[in-house]
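Enquirer: Sending over a structure as structure tokens; questions will come in a sec.
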Amino acid sequence: MLLERSISGPIHRPVGGLGLANWPEVILGLVYPQVCAICHQQRADRDQGYVCTACQGGVRRITEPYCQRCGMPFSGKIIGSQTCTACRRDSWAWDEARAAAIAEGITLECIHRLKYQKEPWFGTFLSGLLMEAALPRLIGPPWQGVVPVPLHRVKQREREFNQAERLAAPLAHALGVPLRTDLVRRREATSSQTSLSRKDRIGNMRTAFEPAGSPRIHGSWILVDDVLTTGATADGVAAVLKNLGAERVVVWAVARAILEIDLQPARQT
Ligand SMILES: [Zn+2]
Ligand SMILES: [Zn+2]
């Protein structure tokens with residue numbers, strides 16, 4: 001049933017658990033219909049991650065003005081450099097965080113379908129989004145490497161892959177720097193944090209990661225995750241990297257959740 005090619009006929013999707021995450025995408029390109037995996041109407045090819053141009057138009061990219069620290073977009077016109085309320089209240093182990101798009105609609109659907117339904121073509125689409133936003137800002141300073149936010153090994157075994165690693169690998173390749181998955185590991189399979197307060201969530205993530213060995217590192221590093229919510233998860237990983245010797249950690253995520261509390265910049269005092 002994988003050989004369905006007609007773009008007008010029914011689309012038979014592989015049911016989860018087939019381990020498709022490990023299939024080379026070139027094979028997918030041969031066996032998968034050249035049709036958009038979102039709308040199932042328009043033509044879309046492997047290079048587009050099977051998301052057609054029209055559906056890609058639904059992605060809301062983050063543009064300035066945004067918080068100079070965490071990248072949270074501000075509504076309206078902001079003059080000069082501003083930081084948001086959260087960044088003036090919390091101190092983060094990472095130096096700067098940015099995201100390509102707002103975590104909503106098609107962007108979020110693609111992330112969920114990559115993570116939970118193991119539809120690997122969305123990795124191509126999402127890493128493309130990430131690189132479109134990140135590469136122009138990352139060209140220049142020497143980066144020591146790219147670190148994906150690690151999953152706990154049990155969760156990774158269940159999911160069969162780490163989506164952050166899937167997104168980080170093309171970025172590392174484009175920058176010509178190593179992808180490092182050997183520096184930080186997740187100490188525990190952190191359960192849902194939604195019931196925790198913001199402060200507890202940050203404290204919880206500070207203990208969720210540990211060095212994977214005892215390598216010493218130096219210089220500037222890029223940390224990659226799929227979605228940036230409070231910044232607490234990235235903070236936990238960045239804290240480990242800083243303890244290992246990193247001088248600067250910049251976070252890049254495909255998408256960023258918008259928190260109502262942070263929509264307005266704090267006034268400079
Ligand atoms: Zn479409
Ligand atoms: Zn901020």
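The values are calculated or read from the model by the stated rules, or taken from the named source; none is laboratory data. Just so you know, these numbers come straight off a predicted model, no measurement behind them. Counting neighbours? That spans all protein chains shown, and the Cβs are built from the backbone with ideal geometry, glycine included.
Enquirer: Taking the range 45-71 as the region of interest, how many residues are within 15 Å of ligand 1 (Cβ to nearest atom) and in contact (Cβ under 8 Å) with a residue 60 or more places away in the chain?
Expert: Of the residues in the range 45-71, 8 are within 15 Å of ligand 1 (Cβ to nearest atom) and in contact (Cβ under 8 Å) with a residue 60 or more places away in the chain.
Enquirer: Could you grab the pairs with beta carbons closer than 6 Å, sequence gap of 6+ or different chains, first residue in the range 149-163 and in a helix (DSSP H, G or I), second one among the aliphatic types (A, V, I, L, M) and exposed (fewer than 14 other Cβ atoms within 10 Å of the Cβ)?
Expert: That search, which allows pairs on different chains as well, returns 154/189; 155/189.
Enquirer: Take the conditions within 15 Å of ligand 2 (Cβ to nearest atom), part of a strand (DSSP E or B), at pLDDT 90 or above and in contact with a strand residue (DSSP E or B) (Cβ under 8 Å, 6 or more places away or on another chain) and apply them to residue 69. Does it pass?
Expert: It is false that residue 69 is within 15 Å of ligand 2 (Cβ to nearest atom), part of a strand (DSSP E or B), at pLDDT 90 or above and in contact with a strand residue (DSSP E or B) (Cβ under 8 Å, 6 or more places away or on another chain).
Enquirer: Quick one: in the range 25-44, which of the residues that are loosely packed, with under 14 Cβ neighbours inside 10 Å and under 23 Å from residue 167 (Cβ atoms) is modelled with the highest pLDDT?
Expert: 27
Enquirer: Still on this structure: So is residue 92 closer than 22 Å to residue 67 by Cβ and in contact (Cβ under 8 Å) with a residue 24 or more places away in the chain or not?
Expert: For residue 92, the condition - closer than 22 Å to residue 67 by Cβ and in contact (Cβ under 8 Å) with a residue 24 or more places away in the chain - is met.
Listed here are the residues, each with its yes/no results for (1) away from ligand 2 (no atom under 14 Å from the Cβ); (2) crowded, with 19+ Cβ neighbours inside 10 Å.
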| position | (1), (2) |
| --- | --- |
| 49 | yes, yes |
| 53 | yes, no |
| 59 | yes, yes |
| 87 | no, yes |
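Enquirer: Separate question: Filter the range 228-269 down to the residues that are within 30 Å of residue 216 (Cβ to Cβ) and hydroxyl-bearing (Ser, Thr, Tyr), then identify the one that is modelled with the lowest pLDDT.
Expert: Across the range 228-269, the extreme among qualifying residues is 230.
Enquirer: Next up: Restricting to the range 144-170, give me the number of residues that are buried (at least 19 other Cβ atoms within 10 Å of the Cβ) and over 17 Å from residue 111 (Cα atoms).
Expert: Here the count works out to 4.
Enquirer: Report the residue count in the range 72-81 for those that are in a loop (DSSP other than H, G, I, E, B), touching a Phe, Trp or Tyr at 6+ places or on another chain (Cβ under 8 Å) and more than 9 Å from ligand 2 (Cβ to nearest atom).
Expert: Selection size over the range 72-81: 1.
Enquirer: While we're looking at this one, here's another question. Filter the range 89-116 for residues that are of a type in the set (Phe, Trp, Tyr) and buried (at least 19 other Cβ atoms within 10 Å of the Cβ); which is nearest to ligand 2 (Cβ to nearest atom)?
Expert: 92
Enquirer: Moving to a separate point now. Mind listing whichever residues of the range 117-142 are among the hydrophobic types (A, V, I, L, M, F, W, C) and either crowded, with 19+ Cβ neighbours inside 10 Å or at pLDDT below 95 (or both)?
Expert: If the condition is that a residue be among the hydrophobic types (A, V, I, L, M, F, W, C) and either crowded, with 19+ Cβ neighbours inside 10 Å or at pLDDT below 95 (or both), then 121, 122, 125, 126, 129, 130, 131, 133, 134, 138, 139 are the ones that fit.
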